[in-house]
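Here's the structure, in structure tokens; my notes come after.
The values are calculated or read from the model by the stated rules, or taken from the named source; none is laboratory data. None of these values were measured; they are calculated from a predicted model. Positions of Cβ are generated from backbone atoms using ideal geometry, with glycine treated the same way; all protein chains shown enter the neighbour counts. For the accessible areas, the whole protein counts, side chains as well, though only heavy atoms, and no ligand, DNA or RNA atoms are used. Shrake-Rupley method; radii C 1.70, N 1.55, O 1.52, S 1.80 Å.
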Amino acid sequence: MQLSSRSINIGIYLYDNAEVLDFSGPFEVFSTAAHLQTQSEISNVFLIGETVRCINARAGFKVLPKFTIHNHPQLNVLIISGGIHANELTKPHVIEWISRQAKTVTIIASVCTGAFLLAKAGVLQGLTCTTHWENIDEFKDAFPNSPIIENVPWVDHVQVITSAGISAGIDMSLHIVEKLFGASLVLKTATQMEYHWCNKRETKC
């Protein structure tokens, strides 16, 4: 699935009470990969909010997104953060936006409980997936047509990828770097981050 374009936009959606590592972990992975590339295939890695206002992530961590769901550039990859997600599920315009993006991006992915937003948008219908271990029973009750795979860092359906909780988003993001740009770049990225990288799909190292 490697992309040939040198203009690739990777957006990470977050919201109030999003888990900090859910968005900052993937941001670090993709921004590091962009820095290490020799041909600058990744042109932009940025945060997306519902509006332009400052977002209060978990523990009062304040974040100002670069774009909103209304004015961001065309995306190649969209990552949906997890966190305290219940309020996001009540926003039809956010769910519709996710559904629209899923039809056009190369990869749409979730970290942790971001899977709830993907499922609400119909993206996970009939697909196996994963989420934070603490929310598995809640997910099974809410979305019985999207079977959960437990004890794995991520589940990959080519265009749709879900990860387990919090730090698993880093592993999934490195996996996406490998899918899009190859083994050499993902190893350089993990080394630069001083992060132990295991590329065994759906297994833990």
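Considering only protein heavy atoms and a 1.4 Å probe, what is the carbon-and-sulfur percentage of the accessible area of the stretch 1-137?
51
For the stretch 133-184, which GluC sites (Glu not before Pro) pass both filters: DSSP loop (anything but H, G, I, E, B) and at most 16 other C-beta atoms within 10 Å? Provide the component values of the computation, followed by the final result.
Values: sites: 134, 138, 150, 178; in loops: 150.
Listed in order of number, the matching sites are 150.
Sum up the charges of everything whose Cβ sits under 11 Å from the Cβ of residue 173, counting Lys and Arg as +1 and Asp and Glu as -1, but leave residue 173 out.
Numbers: positive: 179; negative: 22, 28, 171, 178.
Its environment carries a net charge of -3.
Under 1.5 on a/c is rounded, so check that first for the stretch 51-146, then, if it is not, pick prolate when a/b is larger than b/c and oblate when it is not; a ≥ b ≥ c are the square roots of the alpha carbon gyration tensor eigenvalues.
Details: a/c = 1.94, a/b = 1.23, b/c = 1.58.
Oblate shape, in that a/c is at least 1.5 and b/c is the bigger or equal ratio.
Counting only heavy atoms of the protein chains, get the accessible area per residue of the stretch 67-205 (1.4 Å probe) and round it to a whole Å² value.
On the way: 6100 Å² over 139 residues.
I get 44 Å² per residue for the stretch 67-205.
Just for the chain, what percent of DSSP beta bridges are antiparallel, to the closest 5? Before the final figure, lay out the partial values.
Values: 7 of 27 bridges.
Beta bridges within the chain, antiparallel portion: roughly 25 percent.
What's the center-to-center distance, using Cα atoms, between the stretch 102-125 and the stretch 46-80 in Å?
16
Could you calculate the FRET efficiency of residue 125 with residue 37 from 1/(1 + (r/R0)^6), where r is the beta carbon distance between them and R0 is 35 Å, rounded to 0.05?
Once rounded, the FRET efficiency stands at 0.50.
What is the magnitude of the charge dipole of the chain about its Cα centre, with +1 placed on the Cβ of each Lys and Arg, -1 on the Cβ of each Asp and Glu, and no other charges, expressed in debye to the nearest 20?
Working: 15 positive and 18 negative charges, 110 e Å.
Roughly 520 debye, rounded to the nearest 20.
For the stretch 118-205, just say rounded, prolate or oblate: build the C-alpha gyration tensor, square-root its eigenvalues into a ≥ b ≥ c, call rounded for a/c under 1.5, and beyond that prolate if a/b exceeds b/c, oblate if not.
Values: a/c = 2.78, a/b = 1.90, b/c = 1.46.
The shape class here is prolate.
Per 0.36 nm of contour for each residue apart, how much would the distance between residue 58 and residue 183 grow if the chain were fully extended, relative to their Cα-Cα spacing?
On the way: separation 125, 0.36 × 125 = 45.00 nm, distance 3.32 nm.
Additional length available on full extension: 41.7 nm.
What residue among 184, 81, 167 shows peak mean-square fluctuation when the chain is described by a Gaussian network model with Cα springs under 10 Å?
Looking only at 184, 81, 167, the biggest GNM fluctuation is shown by 184.
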